[in-house]
Amino acid sequence: MDKTKILIVDDNPENIFALSELIKADDLDLITANKPEQALSLLLDHDFALALLDVQMPDMSGFELAQFIRGIQKTRHLPIIFVTAQQQDQNIIFKGYESGAVDLMFKPLDPYIVRSKVQTFISLDRQNKLLKAKMEEVEFLRKRAEQANLSKSQFLANMSHEIRTPLASVLGFSDVLVQEDLGEAEKQDSLAAIRRNGELLLRLIDDILDLSKIEANQLHFMKASFNFDDLLKDIATTLGLKASDKGITLEVDAKNPPGLCYNSDLERIKQILLNVTGNAIKFTAQGSVKIHCYIQPDRNHHDRVVFEIRDTGIGISEEESKKLFQPFSQADISTRKRYGGTGLGLVISRELAKSMGGDLKLISSAPNVGSFFEVSMLLEKSQVINQTIEQKVEALSKDVDLKGAKILVVDDVSDNRLLIDRYMRNTHSEILQAANGLEAIAIMEGHNPDLILMDIQMPIMDGYETVRRIRAAGYTKPIIALTAHAMKEEGQKCMDAGCDGVLTKPARRKELLGKIQDVLVT
């Protein structure tokens, strides 16, 4: 915390010393002047919480100095206390207040009274600064909300709750782990809670980012071939655990030929199904959630794939269903309070489905009976069969052996460098570290790393410029960008600068090691 500044003005150095000794403290910065002209100059250069002025000074009295202070825009509200050896009478007191003082102290000074009065004005100053900071923060949030066209006034309060809830668990369990008397099981439970809530925060951030992409008409899809049976197994496994925890059943019924493959964005399809089915599970206290999938052949090697999601949950009234697909909305305030959530999931899922040639519709619903949603999308058939889920899990579970590869990690945040260093344990690799682009270039002169992991937003020299200079110097080995910027344009900018791949933070260990293996092998 910055020290609080107090101005002491007196033409007698001994008086300045005595008063300074009386009120000095570790959190105070006492600045002195023995001439009124010097004091006025200091007032323009510093922000003071309080001014202690002597009354009797040559050339200009304390009363006159106070009037000058009141005439300056910056200092017109600065609290002034006169310190004087003059005899205490009504004329002096009246003149002091008339000059703009908030108080007067007569010598000999009572140390207790002096410290008490000074401390009062210090506390007022700090409270004013806190209030000003809060007002600036509120104003910033208000403008940001307006710019993002967030029309609902309750969004900020709701979003604050949704962020603070998992954040409280992350910070809280981090504190718990510091305790030395935890058993191994308690430590593992705490770590699991941190991961679970960290992933919840990441999904929230991804939802907000997706919404901004939707509003800017910048949704992008990464197509790749995938096995349709694997998709259904993944959804059933992931959401089956969630349903089981609530004591309800999840049924997945699909009629599709074995070995069926499609070429589409698998992660976006999962996002839609996890959102819609996850909602059904969240709002169902007893009974079941059922997913029925069927396929309608379409034109030009495409199929229309339809998922029907039925639940026996709380249902939605006709009036409430009208705002179901509005951003930041849920059926009503009581629903939000009871079940949580931002109200973004269905909005994003519907836009994703539409972008894939389909739609998300509420077919029917009734309070305390349940709801029936339909998700459809147009998917291109593919003849390529990727690895099954079991094969992928087996491959990812194996230790990665990088056989002594030398890897340079460039990131201005030391915690990020430490995390990657921990990720790379047991890979038999050598890790070099640089905190900015210039350090990276200097390290390159004495080493020839097999791979560079490059942060993008850094002080001194950013990642784009660093990559360009390294490439210009003749470095031809792989460079992977690690960036917190999740927009596609940022990824393309990294590739244009000379990167061989891009990972968005936070990159999980398996994801990072998989990418490293890909670029080193190729």
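Just so it is clear, none of the values below were taken in a lab; they were calculated from the coordinates. These numbers were taken from a predicted model, which means no experiment stands behind them. All Cβ positions, even for glycine, are placed from backbone atoms using ideal geometry, and neighbour counts span all protein chains on display.
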Alpha-carbon Debye profile of the stretch 224-387, log10 I(q)/I(0) at 0.09, 0.10 Å⁻¹: -0.29, -0.36
DSSP beta bridge pairing in the chain, given as percent antiparallel to the nearest 5: 45 percent
For the chain, calculated [θ]222 nm from helices alone, where every DSSP H run of n ≥ 4 adds -39500 (n - 2.57): -15500 deg cm²/dmol
FRET efficiency, 1/(1 + (r/R0)^6) with R0 41 Å, evaluated for S123 and E64 via beta carbons: 0.90
The stretch 4-125: mean projected area of Cα convex hull, nm²: 6.8 nm²
Length released on extending from L209 to I113, taking residue separation times 0.36 nm less the Cα-Cα span: 28.9 nm
Highest average packing first - 449-461, 236-248, 404-416, Cβ atoms within 10 Å: 449-461, 404-416, 236-248
Cα convex hull of the stretch 58-150, projected area averaged across orientations, nm²: 8.5 nm²
Segment A484-D27, extension gain: residue separation times 0.36 nm, minus the distance between their alpha carbons: 160.8 nm
Segment R468-K381, length gained on full extension (0.36 nm per residue, minus Cα span): 27.3 nm
Mean Cα-pair separation over length for the chain, i.e. relative contact order, pairs under 8 Å, 6 or more apart, %: 7 percent
Restraint check, K354/K510; K213/K403; K132/K322; K242/K361; K403/K493; K143/K282, Cα-Cα greater than 29 Å: K354/K510; K213/K403; K132/K322; K403/K493; K143/K282
The stretch 1-81, relative contact order [Cα under 8 Å, separation at least 6], %: 33 percent
Hydrodynamic radius by Kirkwood, which averages 1/r over all alpha carbon pairs of the stretch 1-58, in angstrom: 11.6 Å
The stretch 399-521, relative contact order [Cα under 8 Å, separation at least 6], %: 22 percent
Calculated FRET efficiency for the pair R509/S225, C-beta based, R₀ 30 Å, to 0.05: 0.75
Estimated inter-spin distance, R196 and D234, nm [label 7 Å along Cα→Cβ]: 2.3 nm
Gyration tensor over alpha-carbon atoms, the stretch 159-215, equivalent ellipsoid semi-axes in Å: 30, 10, 6
Mean Cβ neighbour count within 10 Å, used as a protection proxy, ranking 197-203, 80-86 highest first: 80-86, 197-203
Reciprocal of mean inverse Cα separation for the stretch 399-521 (Kirkwood radius, Å): 14.1 Å
Per-bin percent of Cα-Cα distances, the chain [10 Å]: 3, 13, 17, 18, 15, 12, 10, 7, 3, 1, 0
